[in-house]
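Colleague: Pasting a structure below so you can have a look.
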Amino acid sequence: MLSKKETSIVFMSLFMGLAGGLLSHQGLPTLSASEQEIPPNSRNALPHTPRIATEALILTDQSGTPRARLEITAAGEPQLVLLSKKGTTLAQLGTPNAGLPELVLNDNEGKSRVRVAMTANGSPELELHDAKGGGQATLFFVDHNPRLLLRDREEKLEVSMEAIPDQPALSIQKDGKTRAALAPDYLLLTDKDNTPRLSLRVHQGGEPSISLKDNEGSRLVSLSIQPLPKTEEPLFALYDKKDRLRAGLNLDEDGRPNFILRDGPLLSLVDKAGKNGIYLSLEKDDRPSVYLSALNGQREAFLGLRKKGELALDLMNGGALPRASLLLDNEGAPLLQLRSKDEKLLWSAPATEGSQP
C-alpha cells in the first residue's frame, strides 16, 4: 500500500504528462534538434528584412486627405513633402542640388520662408524670406568665417556683416555701391559714386580723427587728437588738393592756442555778411600782408611788403590801386604819397620827381 507522500508524487507525474499532451495538441511549436543548437541571442533574427519597393509613398489622415509624401523625384533624388489639409506644401526635405541636403519651410500660402542647405564646399547656409518673397536674410560661411547678408525687397539696399578674426566688418550697399563700412577702428561713409567722403578712425596709438573729403576722395578738413611728448591735444586742420597741411588751429602742451599757416596761407576775420573783414596772408613770393575790407568786399587798406621790398601802408578807397601811402623805401627813409584814380602821383613828401609841393 502506497503512503500519502508516494501517492502525491504519482498524482503530480500523471498531471504533468496530461498537461503536456494537451499543450502539444494545441499546436504550440516545439524546437527541433537544429533549432535547439541556435544560440539564444540569435533565435529571434529573421533571415530577410521585410521591404516595400515603390517610387512614392503617400500618407493620409483619417479623412483620406494626403498629408505627407515620400517620393523619388524625376531627377532621381529622394524627397519628403509635408502638406496642409488644403494640399499646400508646408515643408520639403530633399537633395535637389547635386545630392546636397536641403530643407525648405513654407507659410500657409505655400511661399518659401526658410531654407536650410549644405553648399558644395561643405558649409551650411540659412535663408529667411519675407511674406512677399522679396526681403532676404542669409547666413553662410566664406573661408570658414560666418557672414550675414541682408537685402530689402527691391534688392537695392544690402547690409553685410562678416566675422573675420581680428577684422570683423559691416558694410552697407545701395544700388550695388558701398555707402558705409564699419570695422573695429574705422568708419567710412561714401557718396552715390562710391567716393569716400567722411572717415572716422582710431589710429594705432589710440588717437581718434575725423576727416572730410572732396568729391575726388582728397582730404580737406580733419579734426584729430595729436600725441605730444607730454600730453595729447586737439588739432583742427585744413589741407590742399595734394593733402598738404595749409592751415590749422591747435593747443600746445601748456594749453595755449596756436594758429598754423603754411605755404601762402590766409587768415580771415569776416562779418556775417562776408563783406567786411581783416585778412592776414602771405603772398606767393612770401611777402606778409594785412588787408582791410569794408565796402562790398573790396580792399580798403593794405599793410605789408610790396614787390620791391618796401614796407607800406596803403589806403585804397574801395579800389585795387593805392590813393594814399605811407612807406619806407629800401634804405629805410619814410615817404608819404598821394595818387589820383589812374595811379598818377599827385603829391609826395619828401618831394620826388613828378610830385607837387
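Colleague: For the stretch 299-349, name all the residues that are hydrophobic (A, V, I, L, M, F, W, C), touching a Phe, Trp or Tyr at 6+ places or on another chain (Cβ under 9 Å) and farther than 13 Å from Ser289 by Cβ. Let's see the steps before the verdict.
Modeller: Within the stretch 299-349, the first condition is being hydrophobic (A, V, I, L, M, F, W, C), and the residues that meet it are 301-303, 305, 311-313, 315-316, 320-321, 324, 326-328, 333, 335-336, 338, 345-347, 349.
With touching a Phe, Trp or Tyr at 6+ places or on another chain (Cβ under 9 Å) added as a condition, the list becomes 301-303, 312-313, 315-316, 336, 338.
Passing the criteria: Leu315, Leu336, Leu338.
Colleague: Inside the stretch 102-123, can you point out the residues that are closer than 27 Å to Ile164 by Cα and surrounded by 13 or more Cβ atoms within 10 Å (Cβ to Cβ)? Reasoning before the result, please.
Modeller: Let us first name the residues in the stretch 102-123 that are closer than 27 Å to Ile164 by Cα, namely 102, 114-123.
Residues satisfying the conditions are Glu102, Val114, Arg115, Val116, Ala117, Met118, Ser123.
Colleague: How do the pairs read when you match residues in the stretch 241-258 that are within 15 Å of Ser224 (Cβ to Cβ) and without any contact (Cβ under 8 Å) to a residue 60 or more places away in the chain with residues anywhere that are assigned to a loop (DSSP other than H, G, I, E, B) and among the hydroxyl-bearing types (Ser, Thr, Tyr), using Cβ under 7 Å and keeping only pairs 6 or more apart or on different chains?
Modeller: Asp243/Ser218
Colleague: Which pairs have Cβ atoms under 6 Å, sit 6 or more apart or on different chains, and link a residue in the stretch 266-295 that is hydroxyl-bearing (Ser, Thr, Tyr) to one that is modelled with pLDDT under 70 and part of a strand (DSSP E or B)?
Modeller: So the pair list comes out as Ser281/Leu266.
Colleague: Would you mind telling me which numbered condition in (1) within 19 Å of Ala183 (Cβ to Cβ); (2) in a strand (DSSP E or B); (3) at pLDDT below 90 Gly205 fails?
Modeller: (2)
Colleague: Please enumerate the residues belonging to the stretch 138-195 that are polar (S, T, N, Q), open to solvent by less than 60 Å² (accessible area, probe 1.4 Å) and either within 23 Å of Arg113 (Cα to Cα) or outside any strand (DSSP E or B) (or both). Full working, then the answer.
Modeller: The initial filter retains those residues of the stretch 138-195 that are polar (S, T, N, Q), namely 138, 145, 160, 167, 171, 173, 178, 190, 194-195.
With the extra rule that they be open to solvent by less than 60 Å² (accessible area, probe 1.4 Å), the set shrinks to 138, 145, 160, 171, 173, 178, 190, 195.
Result: Thr138, Ser160, Thr195.
Colleague: Search the stretch 73-89 for residues being charged (D, E, K, R) and more than 15 Å from Glu102 (Cα to Cα), and hand back the single one that is least open to solvent (accessible area, probe 1.4 Å). Let's see the steps before the verdict.
Modeller: Narrowing the stretch 73-89 to residues charged (D, E, K, R): 77, 85-86.
Restricting the remaining residues to those that are more than 15 Å from Glu102 (Cα to Cα) gives 85-86.
Details: Lys85: 154, Lys86: 190 Å².
If we take residues in the stretch 73-89 being charged (D, E, K, R) and more than 15 Å from Glu102 (Cα to Cα), then Lys85 is least open to solvent (accessible area, probe 1.4 Å).
Colleague: Same structure, new question: Name the residues in the stretch 236-260 that are in a strand (DSSP E or B) and in contact with a Lys or Arg (Cβ under 8 Å, 6 or more places away or on another chain), would you? If you could, list the steps in order and put the result at the bottom.
Modeller: Quick first cut of the stretch 236-260, residues in a strand (DSSP E or B) only: 236-239, 245-251, 257-260.
If the condition is that a residue be in a strand (DSSP E or B) and in contact with a Lys or Arg (Cβ under 8 Å, 6 or more places away or on another chain), then Leu238, Tyr239, Leu245, Arg246, Ala247 are the ones that fit.
Colleague: Considering only the stretch 216-237, how many residues are open to solvent by 70 Å² or more (accessible area, probe 1.4 Å) and more than 28 Å from Gln167 (Cα to Cα)?
Modeller: Number of matching residues: 3.
The values are calculated or read from the model by the stated rules, or taken from the named source; none is laboratory data. Predicted, not measured: the structure shown is a model, and the values here were computed from it. Every residue, glycine as well, gets a Cβ built from its backbone with ideal geometry; the counts of neighbours run over all protein chains shown. With ligands, DNA and RNA removed, areas are computed over all heavy atoms of the protein, side chains included. Shrake-Rupley method; radii C 1.70, N 1.55, O 1.52, S 1.80 Å.
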